[in-house]
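Supplied in structure tokens, the structure appears directly below.
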Amino acid sequence: MFENLSEKLDKAFKVLKGQGSISEINVAQTMKEIRKALLSADVDFKTAKSFTSRVQKKALGEKVLSAIDPGQLLIKIMKDELAELMGSEQSEISLEGTPSVILIAGLQGSGKTTFSGKLAFHLKNNKNKRPLLVACDVYRPAAIDQIEVLAEQVGVDVFQDRENKNPVLIAENAIKHAKTNGHNVVIIDTAGRLAVDEAMMSEIAAVKKAVNPQEILFIVDSMTGQDAVNTAKAFNDKLNFDGVVLTKLDGDTRGGAALTIRSVVDKPIKFIGTSEKMDGLDIFYPDRMASRILGMGDVISLVERAQQQFDEEEARQVQKKIAKNQFGFDDFLKQIQQVKKMGNMKDLMGMIPGMGKAMKGVDVEDDAFKGIEAMIHSMTKQERENPKLLNGSRKKRIAVGSGTSVVEVNQLIKQFSQMGKMMKMMQGGGAKQMMQMMKSQGGIAGPK
Amino acid sequence: MGIFGFFSKDKKDKLDKGLEKTKENVFNKISRAVAGKTTIDELALDDIEEALITSDIGVETSLKIIGKLEGRVLREKYINTSELNNFLKEEISLLMKDSYDEIPVINGPYVIMVVGVNGVGKTTTIGKLAHQFKQQGKKVVLGAADTFRAAAVDQLVIWADRAGVEIVKQHMGSDPASVCFDTLQSAKASGAEVVIIDTAGRLHNKINLMNELTKIKNVMAKVIPDAPHDVMLVLDASTGQNAIEQATQFTKATKVNSLALTKLDGTAKGGVVIGISDQFQIPVRYIGVGEGVDDLQVFNKNEFIDSLFN
């Protein structure tokens, strides 16, 4: 996500390496680099300036303990400062009111409609709500069709009125509709509008006045440049929104907008969008983002994503199978599919501390498991259940069937049996034993 | 308006209006930086640098311009405001490339493939282009190869209806390369002069999606050997420095020939045009300076610079 910024900062910190304490001289050059890095990351000029001078003030005179070098100390100061700048804790959306009304606003192409779909999906599945999506974009061709398709995908209702060209009326009618039909959340998707377009800005202000939303969310493309400040300010002046949603963070943008917006309009970032799929919505955690910006990884998000995907019941079944020595290739396949569901491999790797940098320029394709899957698919049912059956001629058949080689098939079988051993050890409480084993092997060999 | 007199007054007005914010925020700031000063000092240089960087021109390009300015100040000791404007105009002009005015007439349809990240305005740009080509009396066929985003095909169909041009489509989720194949065959058979292909928005760091573009391009060449003749990358003017990365990655996958910069009227930071032109040898072909169908203008660098400085 923020690979580029982390990299630049790494470079800046190199200048400091090997110094005993942070002094006026050794910090000035670094600050200049940091400021340049922040600017290239689309952080607003003034924000970058005040940020670096704050960090500099804090850093000056700090005694550097012998255990850490000045670079590390500076990273810590910056991380704290960054987290503070982005809001020191995460902030949820308000779902009070019956129904609670959420108004979505933003520029054209910022991702409002996709976000609306994702939010409906999130509220339905994680918050047990019955959301109603409202199509208030009466301008863009096929905007109503788009929201209808998304609503169908996530399994929620849509309120639309193709004959009506007045968003205020549509929104009002939608709330009446929600009340009579038992919807407890109403998500109003609006047309994209430029902050400089007076008529359109007045229109959304009128929608706000008519429906009195609990929550107004301002949707921003995370790739936005220096103009993010002006746009956020203009929308805030008109709507006094409650929170910001940062979209398209699965791109490689340096995401300076995230740093800027909070400090400029003093509103929290409540969600981030990370894919085109309907489950690609994350809650924004400023401290995690700060760690991430500085290349310190985001382990908590990784664990949470894993938890979301792994079914506890299924895990119990797998454990039983392992205990009975019945763990077969089909179970292995299932596990792979679960890992795949967690998202883009490169994203996942980027969350592991230290990996962000290591992954620079490395392409982890989403089909990294393809070979393994093909091999397992080429096995018979008996072979999958009982890997011991796999003799030379069977291996040859599998290799041909999956377009791989016997060597690769052997590798898979070896990995599989090691995995089985490890799992048994874990069950027997032999975690320590397992760690040793992993160490001696240099970890489980990854795909490819 | 001088030498630009042959451009319609209306077009010029729209451009001026679309660039108004950028002008106010960037170039008036520069004038203020040197106002009342007889010569450009260190402080003024700093202010000019800030004005350039905050216009999204980019750190690299801004520093390049400042470096040259510094050199000139050192050499000549004295440079006043009007000279500064001329200096900046010249420098910026050197950084930018001009595009061609008319699409070339070739034997068979001229195929434009439109690519870009999500939400930059690809489909809208295509709708406007289709309308303009049709007005020029050209026979146009659109290809709805964004089969991924919800209702993308419907959106393009509406634009095709409005412009009164043909459209080739399949159902959602179908193979975009197959849509392109059909489109080109149909265009060839019906003697169309321009084909515009809409593709799904994709973030440039998604390898598989970028590979898909390469494939689409290869499939087109099977119907018409030189197609696509123009791969047009659409960029949102409010995008910051990531625009450069977008240009890099899309060029890698498809060899981008031209750029269209949308929503320039909405941003006070139109500088990204300058930065991109400097760092890529790809001409800006169209700029969007308003919502209207005719507000997608053929880019002309002299007109553009003139609008910013006068």
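Quick query: amide H of residue A:101 versus all other amide H atoms, modeled in the peptide plane; which residues come in under 5 Å with a sequence gap of 5 or more or a different chain?
Amide H neighbours of residue A:101: A:186, A:214, A:215.
Related question: Mind putting a number on the dipole of segment A:160-263 about its Cα centre? Charges go on the C-beta only, +1 for Lys and Arg and -1 for Asp and Glu, and I need it in Debye to the nearest 20.
Working: 12 positive and 14 negative charges, 46 e Å.
So the magnitude is around 220 debye.
Residue B:178 versus residue A:199, label points 7 Å from Cα toward the beta carbon: distance in nm?
So the two model labels end up 4.3 nm from each other.
Could you pull out every residue, at least 5 positions away or on a different chain, whose amide H is within less than 5 Å of the one on residue B:270? Hs are placed 1.01 Å off N in the peptide plane, and Pro or chain starts have none.
HN-HN under 5 Å from residue B:270: B:22.
Still on this model: Run the numbers for residue B:35 and residue B:190: contour at 0.36 nm per residue of separation, minus the present Cα-Cα distance, in nm. Let's see the in-between values first.
Numbers: separation 155, 0.36 × 155 = 55.80 nm, distance 6.14 nm.
My answer for the length gained is 49.7 nm.
In terms of the Cα gyration tensor, with a ≥ b ≥ c the square roots of its eigenvalues, is segment B:147-203 rounded because a/c is under 1.5, prolate because a/b exceeds b/c, or oblate? Don't jump to the answer; show the numbers that get you there.
On the way: a/c = 2.01, a/b = 1.32, b/c = 1.53.
Oblate.
Which links in A:124/B:122; B:134/B:188; A:118/A:248; A:176/A:238; B:12/B:64; B:222/B:255 stretch past 20 Å when you go from one Cα to the other?
Details: A:124/B:122 32 Å; B:134/B:188 17 Å; A:118/A:248 13 Å; A:176/A:238 25 Å; B:12/B:64 30 Å; B:222/B:255 17 Å.
Those over the limit are A:124/B:122; A:176/A:238; B:12/B:64.
So what's the Cα pair-distance distribution over segment A:100-296, bin width 5 Å, in %?
So the P(r) values, bin by bin, are 1, 8, 17, 21, 21, 16, 10, 4, 1, 0, 0.
Farthest toward the dipole's positive end in segment B:1-155, which of B:53, B:107, B:74, given Cβ charges of +1 (Lys, Arg) and -1 (Asp, Glu) about the Cα centre?
Value computed over the given set: B:107.
Averaged over its residues, how many other protein chain Cβ atoms are within 10 Å of peptide A:42-52's Cβ atoms?
Working: counts 7, 1, 1, 5, 2, 0, 1, 1, 0, 0, 0.
That average works out to 2.
Hey, got the average number of other protein chain Cβ atoms within 10 angstrom for residues in B:202-208?
Working: counts 2, 9, 2, 9, 8, 7, 5.
Mean number of neighbouring Cβ atoms from other chains: 6.
Need one number: convex hull volume per residue for segment B:165-310, Cα atoms only, in Å³.
Working: hull volume 19.5 nm³, N = 146.
Per-residue hull volume (Cα only) is 134 Å³.
Next question. What does the charge dipole of segment A:100-296 about its Cα centre add up to, to the nearest 20 debye, if the Cβ of each Lys and Arg holds +1 and the Cβ of each Asp and Glu holds -1? Let's see the in-between values first.
Numbers: 24 positive and 24 negative charges, 100 e Å.
Taking the Cα centre of segment A:100-296 as origin, the dipole is about 480 debye.
I would also like to ask the following. Around residue A:95, with a cut-off of 9 angstrom between Cβ atoms, what is the net charge of the other residues, counting Lys and Arg +1 and Asp and Glu -1? Can you show the working numbers first?
Working: positive: A:127, A:129; negative: A:92, A:96, A:215.
That works out to -1.
I've got another one for you. Using a 10 Å cut-off around each Cβ of peptide B:114-122, what is the average number of partner chain Cβ atoms that fall inside? Kindly include the intermediate steps, with their values, before the conclusion.
On the way: counts 0, 0, 1, 6, 10, 14, 4, 3, 1.
So the per-residue partner count for this stretch is 4.
Is the C-alpha gyration tensor of segment A:119-193 telling us rounded, prolate or oblate? Criteria: a/c under 1.5 is rounded; beyond that, a/b larger than b/c is prolate, otherwise oblate. Write out the running numbers ahead of the final one.
Details: a/c = 2.13, a/b = 1.38, b/c = 1.54.
Oblate, because a/c is 1.5 or more while a/b does not exceed b/c.
Only the coordinates and a few stated rules stand behind these numbers; no lab work does. On a predicted model such as this, the values are computed, not experimentally measured, just so you know. Positions of Cβ are generated from backbone atoms using ideal geometry, with glycine treated the same way; all protein chains shown enter the neighbour counts.
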